[in-house]
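Trainee: Dropping the structure in here first, questions after.
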């Protein structure tokens, strides 16, 4: 069997110190590498990044700056195809630039006669109708389309894509493996508010927060819920900023409201400068429950069979929890601290029952997360 080498450009929100998006990239790279070992296709990735040096250093792959058009064009021109994904790339909730940028990269590849693949994207919200024909035109010309939830598929079907043109798969991060390091190496990055290392035998509650509401009422409610929990049960609250530095600021905002919980026997700590997605995954795996506003904090938790408690600021949070046959504990504009405390306490007491109910479904999701890589490698193998 002759082995062929294929260069693939990978486009996404990479190089911005966001652990969730970095986990998407690592998951895609890992899945492609694993699948290439089972085929006659060797993949040479070229990643479009906001920080090419960091991306190359972290993943050992070639990277070019995502905003330098000549570098992007040259990379696509010499490639054998383009992957766009995953994550929530095509949405206009955070501004008007994302959709034109990501569609533009795909369209450039199509103009250059390169096959294009949509890798487990979450589409939307798309509030401006002017984007619909653009998305329809680009996606209909793609060689493979996969989305991470049924709502994204329904949106694309509404644009005219056929049901058999769209694969609904889990977020790629469901398939991310743990790093090949010892747990104690990772736990050393957890420090308390004073910078001292924390090692504890208490139940560990992971907490991933972000700023969202202008009056910070969601963070105030989270702090109230955590204080209520600690009044009933001694725990270790481990804050895990997923997008640096802004999530660290949000974490410390909540930590300040908690005050001193030491007299109740609880601990509070925060991970420091943790950007490697697999090291963050290891942190999450050490938790007993994870409270998350960031989508990928919940995906990390589920992938490691840790009960996630979702707080919704975006429909993608609700959609992921539904895939686990679960619901969010509340939303950022309507969160009850007492309900949060009760939900976490119940999961701590009934974790074995939760695992019994969800283990099989999670294992299936972890396997299904590899499907896009399998389909892309299969296409490239036929093409080669």
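Trainee: Can you give me the relative contact order of the chain as a percent, contacts being Cα pairs under 8 Å and 6 or more apart?
Mentor: Computed value for the chain: 17 percent relative contact order.
Trainee: For the chain, set up a GNM with springs between Cα atoms under 10 Å and report which of 335, 108, 69 has the largest fluctuation.
Mentor: 69
Trainee: Send over the per residue convex hull volume for segment 274-366, Cα only, as a whole number of Å³.
Mentor: Value for segment 274-366: 95 Å³ per residue.
Trainee: According to a simple spin-label model (label point 7 Å from Cα along Cα-to-Cβ), what is the distance in nm between residue 38 and residue 67?
Mentor: Here the modelled spin labels are 4.0 nm apart.
Trainee: With the chain treated as a Gaussian network of Cα nodes joined by springs under 10 Å, which of 37, 236, 358 yields the largest mean-square fluctuation?
Mentor: Among 37, 236, 358, the largest GNM mean-square fluctuation belongs to 37.
Trainee: How far apart, in nm, are two points set 7 Å out from the Cα along the Cα-to-Cβ line at residue 346 and at residue 51?
Mentor: Modelled inter-label distance: 4.0 nm.
Trainee: If you don't mind, there's one more thing I want to ask. When a/c reaches 1.5 or more, the comparison of a/b and b/c decides; with that in mind, is the chain rounded, prolate or oblate per its Cα gyration tensor?
Mentor: Since a/c reaches 1.5 and a/b is larger than b/c, the shape of the chain is classed as prolate.
Trainee: With a ≥ b ≥ c taken as the square roots of the eigenvalues of the C-alpha gyration tensor of segment 183-365, please select rounded if a/c is under 1.5 and otherwise prolate if a/b is larger than b/c or oblate if it is not?
Mentor: rounded
Trainee: For q values of 0.15, 0.16 Å⁻¹, compute log₁₀ I(q)/I(0) with the Debye formula on a Cα-only model of segment 62-187, without solvent.
Mentor: With no solvent term, the Cα-only Debye profile gives -0.74, -0.82.
Trainee: If you fit an axis through the alpha-carbon atoms of helix 246-258 and take the longest principal axis of the Cα set of the chain, what angle between them do you get, 0 to 90°, nearest 10?
Mentor: On a 0 to 90 degree scale, this one is about 10.
Trainee: Output needed for segment 15-91: three equivalent-ellipsoid semi-axes, defined as square roots of 5 times the C-alpha gyration tensor eigenvalues, in descending order, whole Å.
Mentor: 19, 16, 12
Trainee: Right, here's the next one. Starting from the Cα gyration tensor of segment 74-137, take the square roots of the eigenvalues, sort them a ≥ b ≥ c, and report rounded, prolate or oblate (rounded when a/c is under 1.5, otherwise prolate if a/b is larger than b/c, else oblate).
Mentor: Note, shape of segment 74-137 comes out prolate.
Trainee: Sorting 246, 135, 83 on the 10 Å Cβ count, fewest up front, what's the list?
Mentor: Lowest to highest Cβ neighbour count: 246, 135, 83.
Trainee: Per-residue ellipticity at 222 nm for the chain, helices alone: DSSP H runs ≥ 4 residues times -39500 (n - 2.57), over residue total, nearest 500 deg cm²/dmol?
Mentor: After summing the helix terms and dividing by residue count, I get -14000 deg cm²/dmol.
Trainee: What percent antiparallel are the DSSP beta bridges of the chain, to the nearest 5? Don't jump to the answer; show the numbers that get you there.
Mentor: Values: 6 of 48 bridges.
Counting DSSP beta bridges with both partners in the chain, the antiparallel share is about 10 percent.
Trainee: Right, here's the next one. Return a whole-number percent for the relative contact order of segment 281-347, with Cα pairs under 8 Å and 6 or more residues apart as the contact set.
Mentor: Reported as a whole number, the value is 25 percent.
Trainee: How far is it, in nm, from the label point at residue 260 to the one at residue 234 when both lie 7 Å from their Cα along the line to the Cβ?
Mentor: Once both label points are built, they end up 1.7 nm from each other.
Trainee: Note the full-extension length gain between residue 140 and residue 113 as 0.36 nm times their separation in residues minus their Cα-Cα distance, in nm to one decimal.
Mentor: Extending this stretch completely gives an extra 8.3 nm.
Trainee: Let me ask something additional. With springs connecting C-alpha atoms under 10 Å apart, model the chain as a Gaussian network and identify which of 280, 293, 67 has the largest mean-square fluctuation.
Mentor: Evaluated over the chain, the most mobile residue of the options is 67.
Trainee: As I understand it, the value is the acute angle between the Cα axis of helix 351-368 and the longest principal axis of the Cα atoms of the chain; what does it come to in degrees, rounded to 10?
Mentor: 10 degrees
Trainee: Something else about it: Taking only Cα atoms, what is the 0 to 90° angle, nearest 10, from helix 98-111's long axis to the longest principal axis of the chain?
Mentor: Roughly 30 degrees, rounded to the nearest 10.
Trainee: Among the DSSP beta bridges whose two residues both lie in segment 183-365, what percent are antiparallel, rounded to the nearest 5? Walk me through the numbers on the way to the answer.
Mentor: Details: 5 of 22 bridges.
Within segment 183-365, antiparallel bridges account for around 25 percent of the total.
Trainee: Here's another thing I want to ask about it. Note down the relative contact order for segment 225-384 as a percent, whole number, built from C-alpha pairs under 8 angstrom at least six residues apart.
Mentor: Result for segment 225-384 is 20 percent.
None of the figures in this text is laboratory data; all of them are computed from the coordinates on show. The shown structure was predicted, so the numbers you read here are calculated from the model rather than taken from an experiment. As a convention, Cβ positions derive from the backbone with ideal geometry for all residues, glycine included, and neighbour counts pool all protein chains shown.
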